[in-house]
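The values are calculated or read from the model by the stated rules, or taken from the named source; none is laboratory data. Remember, it's a predicted structure, so these values are computed and weren't measured experimentally. Don't worry about glycine lacking a Cβ; one is built from the backbone with ideal geometry, like all the others, and counts go over all protein chains shown. When the accessible area is computed, the model is the full protein with side chains, heavy atoms only, and any ligands, DNA or RNA have been set aside. Shrake-Rupley method; radii C 1.70, N 1.55, O 1.52, S 1.80 Å.
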Amino acid sequence: MEEVFAEYLDQLFYKGYAEKFKDDNPNAYESQLAEFKNLYSIPKHETSLVYKGSNRNRNRSTATKIRSGTRRANKM
């Protein structure tokens, strides 16, 4: 995330600004980095690719899941 923050600062001001800012004022840099992480991080529960929000498929048979595309056979 720090790399993204550095790229963001460099795009806002000029190339190399983030490194200079970090060297010149490390406390302010760390404070701004923490704020950046807080504002732009994605909560873990929002990053799941398989989350459907329900357990409705839990009790269905495997064949039904395969037909509906919910579960796929392993490919070797």
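Things to note:
- Candidates ARG60, ARG71: the one that is modelled with pLDDT of 55 or more, assigned to a loop (DSSP other than H, G, I, E, B) and surrounded by 12 or more Cβ atoms within 10 Å (Cβ to Cβ) is ARG60.
- Annotation: of all residues in segment 1-39 being within 19 Å of the chain's Cα centre (by Cα) and of a type in the set (A, V, I, L, M), the one that is surrounded by the fewest Cβ atoms within 10 Å (Cβ to Cβ) is LEU39.
- Pair list, Cβ under 7 Å, 6 or more apart: segment 15-32 residue more than 16 Å from MET1 (Cβ to Cβ), other residue open to solvent by 40 Å² or more (accessible area, probe 1.4 Å): GLY16/ASP10; TYR17/ASP10
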